[in-house]
């Protein structure tokens, strides 16, 4: 039954079709041919069946960013791929954020995951499941993403769908908090046809040897507004217009290409906490782009930069995240941003003048992506000083732009960067001296920065583009469908 006083209605996200062949100039003919063959095989096996993807938000965060291009290329390959977003109340998203933090081995808000939380979680998803079941037909594929959707597995399996649960998060270390989160979700997952993880280390011990387990690393879309090529003039104009750097030419280009091929303009400005004028375009920028999430440790980066980099350097620090009203499934963003602002106010005057906190506009998600693109391209160094990280798509995004990266040696970042080859890894994210050494090395040594950036671009081309990602999904779904008993004939 529906939650009292709360109207739940799943959102269907529109997805256009894009031709996978556009990857050919980037990756060569063979990977594209392999993807084409996998798509043809899957299409034949699926027949009229559809592939539903279900997650918790249409905008903000890596999962939403991946789903839009992946489903667009799937549709371009002839697969009827669709996208739905679950709805929930504030308490539901507090519970799932608690689970999210727990899967990273962190306490989060310290709240419980007991019978009351399990009942509320289940009640919200029972309501969503009823709506989803009205659309899903026997033989359809339902791909459920992350803790917010795990409770839908039993209902989708009962509806006759081939049900896959995909976890994008995890921890390199096992502790009581990780175990608590798995205990909360484990019972829901027994009827999943497959369980997909981003890294082998994220597979819980109770799934050791389970043939349903598969590992598929995330990817980026090089043609998206966040990753497409931008001219240096456009980069400077976009950052000048938004207020992040000093605007020297107010008539410069502010355009990007939208996913559907139409032109887009950067119209909105950022909300910025800063002391004094914006830095000029010639000033080196150290940049981190993340959600306002405690595990991204924006505050720690700010304090480490102030302690270790301000003296003896001209660099400024930009901490950029989404406007906190634009990310529906993250209730902690407001508090994390507030704490960062409070910590910024406590910095010495000289350091405070070299740090800006930027809330990027979310009214137009592709405009937001274009601003991030410009910021990552303009950066002298991109940082990802996470305390824990499921994968860290912002790392791959910066690597694609050949921008040198300093990142924590945690989670999926370890799969992207070999230390000293594609970037610099922080062995202890909390060590400010190590952070300072790494940043100063790249700020002071352009040759090393250029070498690491070029190697990083090659690494992403080879391993972290959508062609590989889609081929793995197509192969997995085809194998599941091929061994699924045929649906019983319907009577009319």
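Within the option set 414, 442, being farther than 22 Å from residue 105 by Cβ, in contact with a strand residue (DSSP E or B) (Cβ under 8 Å, 6 or more places away or on another chain) and crowded, with 16+ Cβ neighbours inside 10 Å holds for one residue only, 442. For segment 231-258, taking the residues that are in contact with a helix residue (DSSP H, G or I) (Cβ under 6 Å, 6 or more places away or on another chain) and either surrounded by fewer than 16 Cβ atoms within 10 Å (Cβ to Cβ) or not in a helix (DSSP H, G or I) (or both), the one that is modelled with the lowest pLDDT is identified as 252.
The single condition among (1) in a helix (DSSP H, G or I); (2) within 20 Å of residue 388 (Cα to Cα) that residue 174 does not meet is (1).
The single condition among (1) surrounded by fewer than 24 Cβ atoms within 10 Å (Cβ to Cβ); (2) touching a residue at least 12 places away in the same chain (Cβ under 8 Å) that residue 419 does not meet is (2). Selection of segment 435-451 for residues being out of contact with any helix residue (DSSP H, G or I) (no Cβ under 7 Å at 6 or more places or on another chain) and more than 15 Å from residue 286 (Cβ to Cβ) yields 447, 450, 451.
Among the residues making up segment 422-432, those that are touching a strand residue (DSSP E or B) at 6+ places or on another chain (Cβ under 7 Å) and in contact (Cβ under 8 Å) with a residue 40 or more places away in the chain are 426, 429.
Rundown of residues vs (1) modelled with pLDDT of 95 or more; (2) farther than 25 Å from residue 254 by Cα; (3) part of a loop (DSSP other than H, G, I, E, B), yes/no style:
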| residue | (1), (2), (3) |
| --- | --- |
| 328 | no, yes, yes |
| 344 | yes, yes, no |
| 357 | yes, no, no |
| 368 | yes, no, no |
| 377 | yes, no, no |
| 389 | no, yes, yes |
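Which residue is farthest from residue 364 (Cα to Cα), if the candidates are limited to segment 259-280 and must be in contact with a helix residue (DSSP H, G or I) (Cβ under 8 Å, 6 or more places away or on another chain) and surrounded by fewer than 18 Cβ atoms within 10 Å (Cβ to Cβ)? That would be 275. Of all the listed residues (398, 351), the sole one being in a helix (DSSP H, G or I), farther than 19 Å from residue 228 by Cα and assigned by TED's automatic domain parsing to the domain that holds residue 246 is 351.
Yes or no: residue 435 in a helix (DSSP H, G or I), assigned by TED's automatic domain parsing to the domain that holds residue 282 and in contact (Cβ under 8 Å) with a residue 40 or more places away in the chain? So residue 435 fits the description; yes. If you go through segment 29-60 and keep only what is at positive phi and at pLDDT below 95, you end up with just 60. Total residues in segment 97-123 satisfying the condition of being part of a loop (DSSP other than H, G, I, E, B) and either surrounded by fewer than 17 Cβ atoms within 10 Å (Cβ to Cβ) or not assigned by TED's automatic domain parsing to the domain that holds residue 188 (or both): the figure is 6. Here are some residues: 403, 380. Which one is without any contact (Cβ under 8 Å) to a residue 60 or more places away in the chain, touching a helix residue (DSSP H, G or I) at 6+ places or on another chain (Cβ under 8 Å), under 21 Å from residue 449 (Cα atoms) and assigned by TED's automatic domain parsing to the domain that holds residue 430? Sole residue among the options that is without any contact (Cβ under 8 Å) to a residue 60 or more places away in the chain, touching a helix residue (DSSP H, G or I) at 6+ places or on another chain (Cβ under 8 Å), under 21 Å from residue 449 (Cα atoms) and assigned by TED's automatic domain parsing to the domain that holds residue 430: 403.
In segment 168-187, the count of residues that are closer than 20 Å to residue 478 by Cα and either crowded, with 21+ Cβ neighbours inside 10 Å or assigned by TED's automatic domain parsing to the domain that holds residue 141 (or both) is zero.
Being assigned by TED's automatic domain parsing to the domain that holds residue 201, part of a strand (DSSP E or B) and touching a residue at least 60 places away in the same chain (Cβ under 8 Å) is true of residue 142. Just one residue in the set 74, 58 is within 21 Å of residue 258 (Cβ to Cβ), in contact (Cβ under 8 Å) with a residue 40 or more places away in the chain and not in a helix (DSSP H, G or I); that residue is 58.
The values are calculated or read from the model by the stated rules, or taken from the named source; none is laboratory data. Just so we're clear, the structure is a prediction, and the values are computed from it rather than from any experiment. Glycine also receives a Cβ, built like all others from the backbone with ideal geometry; neighbour counts cover every protein chain displayed.
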